[in-house]
Amino acid sequence: MLTHKFRLYPSKTIEQKLLETLEICRRGYNTFLGELNEQKEIDKSQIQGIIPDMKICDEQFSKVHSKTLQYECYKLFSNLQGLSKSKGKRKIGQLRFKGKGVFKTFTYNQMGFKLVNTGKRCQTLWLSKIGNIPVRCHRQITGKAKQVTIKHFPSGKWFAFVIEDGNRENQYPRTNKVVGIDFGLIDTVYDSDGNSVTNPKHLKQKEKRLKQLQRMMSNKIKRSNNRDRFRIMLARHYEKLTNSRDDFLHKLSDYYVKNYDVIAMEHLAISNMAKGCYSKSILDACWGKLRQFISYKAESADKIMMLVNPAGTSQRCSQCAEIVQKGLGERIHSCRKCGFIVPRDYNSALEIKRLCLEKIRQELPEYKHLEMEALPIRQLLSMKNEAPCES
Ligand SMILES: [Zn+2]
């Protein structure tokens, strides 16, 4: 399954219909929830069965494709499932009725939509009960479109998420190379081949304007049109921030998945780290998102992302395993035992790679040929007597 995100350009009348559909879907969801609360035993088919009655009682519901309403019922049950899964892990309550303006998406599953190729810059997406919407398909859909989800973004833009069956062809050949990546704040990444990428600090670039807009919006009267104008302006700025971040991270993750077979990184508890004093910088560096991108891209390209134990990677010498204590400000790793002098993050990246190769040797004997000649075997053997590294 592949998902494509395409921008929609609806006219004023179509946009009204789209907003109306969102509102009806919200009411549908609430009706299903009300029915669910009255039931003694949970029965999905019984709840889904009330759709024809809903249409008779309130003709508003006839304005929405039946598959879309059915999907709302499915959404309700998947929410319910999610709730029961987190039972015991954290305090949970009941599912709540959704207030006005909460719903941002609706879905056409299997039928009720059609992508028409017009041969022009914009194709047409036909949605049942809504009409034709110009859509910019920047990518060709080769398989069969299974599902379309329409989403309204806070910036006012509309997007269609088209799910197509079939997989992306594996475009990256085998390279037989292993890389260790160290995340940092000065350099977003430093890898074991000595490449580093400076942190672009997207938030810092846009922070001043965001603060200004936020202040301006907070001065406006609540629920006024003027405030709404500023809300959209602010949302557009946030969207730009997300887009420039994603662009950077996609390019970076693509580089690693393309050039290496095994990508090793530390198993960091990023959400816990982001509670500390460098929280803003850590979140702006987007380590979590980068890890997520590498993970899914590696999976679809038949490559491996490996997480290693982060304990001691910045202090241990990658060549002789000597512990070299250094403060946060010290940027150079200088080993007294073997005289290895390199930038601190580079040593960490080498150490991460070493840990990864060690793990591969233990866990995946079939990958034994991977860069094994480059392994510091002697050091590895002496490492075995020390505490084993777990992830
Ligand atoms: Zn050393």
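Below, the figures for the structure above:
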quantity: Yes/no for residue 175 being surrounded by fewer than 17 Cβ atoms within 10 Å (Cβ to Cβ) and more than 12 Å from residue 6 (Cα to Cα); calculated: yes
quantity: Hits in the stretch 111-138 - residues which are under 16 Å from residue 4 (Cα atoms) and either within 29 Å of the chain's Cα centre (by Cα) or surrounded by 15 or more Cβ atoms within 10 Å (Cβ to Cβ) (or both); calculated: 113, 114, 115, 122, 123, 124, 125, 134, 135, 136, 137, 138
quantity: Of the criteria (1) out of contact with any Lys or Arg (no Cβ under 7 Å at 6 or more places or on another chain); (2) of a type in the set (Ser, Thr, Tyr); (3) buried (at least 17 other Cβ atoms within 10 Å of the Cβ), which one residue 279 fails; calculated: (3)
quantity: Total residues in the stretch 328-347, condition closer than 21 Å to residue 189 by Cβ, surrounded by 19 or more Cβ atoms within 10 Å (Cβ to Cβ) and out of contact with any helix residue (DSSP H, G or I) (no Cβ under 6 Å at 6 or more places or on another chain); calculated: 4
quantity: Scope the stretch 212-231; condition part of a loop (DSSP other than H, G, I, E, B), surrounded by 10 or more Cβ atoms within 10 Å (Cβ to Cβ) and in contact with a helix residue (DSSP H, G or I) (Cβ under 7 Å, 6 or more places away or on another chain); matching residues; calculated: 220
quantity: Test: residue in the stretch 368-376 that is within 11 Å of the ligand (Cβ to nearest atom), part of a loop (DSSP other than H, G, I, E, B), modelled with pLDDT of 85 or more and more than 31 Å from the chain's Cα centre (by Cα); calculated: no
quantity: Condition broken by residue 60, with the remaining ones in (1) within 26 Å of the chain's Cα centre (by Cα); (2) assigned to a helix (DSSP H, G or I); (3) within 28 Å of residue 152 (Cα to Cα) satisfied; calculated: (1)
quantity: Pairs where the first residue, in the stretch 309-338, is over 15 Å from residue 352 (Cα atoms) and small (Gly, Ala, Ser) and the second is in a strand (DSSP E or B) and within 14 Å of the ligand (Cβ to nearest atom), C-beta under 9 Å, 6+ apart; calculated: 334/341; 334/342
quantity: Verdict on residue 26 being in contact (Cβ under 8 Å) with a residue 40 or more places away in the chain and part of a strand (DSSP E or B); calculated: no
quantity: Close pairs (6 angstrom Cβ cut-off, 6 or more residues apart or separate chains): aromatic (Phe, Trp, Tyr) in the stretch 40-63, surrounded by 12 or more Cβ atoms within 10 Å (Cβ to Cβ) and assigned to a helix (DSSP H, G or I) anywhere; calculated: 61/54; 61/55
quantity: Top-ranked residue of the stretch 42-85 - restricted to ones that are of a type in the set (S, T, N, Q) and surrounded by 12 or more Cβ atoms within 10 Å (Cβ to Cβ), ranked as farthest from residue 150 (Cα to Cα); calculated: 46
quantity: The stretch 160-199: number of residues that are closer than 18 Å to residue 350 by Cβ, of a type in the set (Asp, Glu) and in contact (Cβ under 8 Å) with a residue 60 or more places away in the chain; calculated: 3
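The values are calculated or read from the model by the stated rules, or taken from the named source; none is laboratory data. It should be emphasised that the depicted structure is a prediction, and the values quoted were computed from it without experimental measurement. No Cβ is skipped: glycine too gets one built from the backbone with ideal geometry, and neighbour counts run over all protein chains shown.
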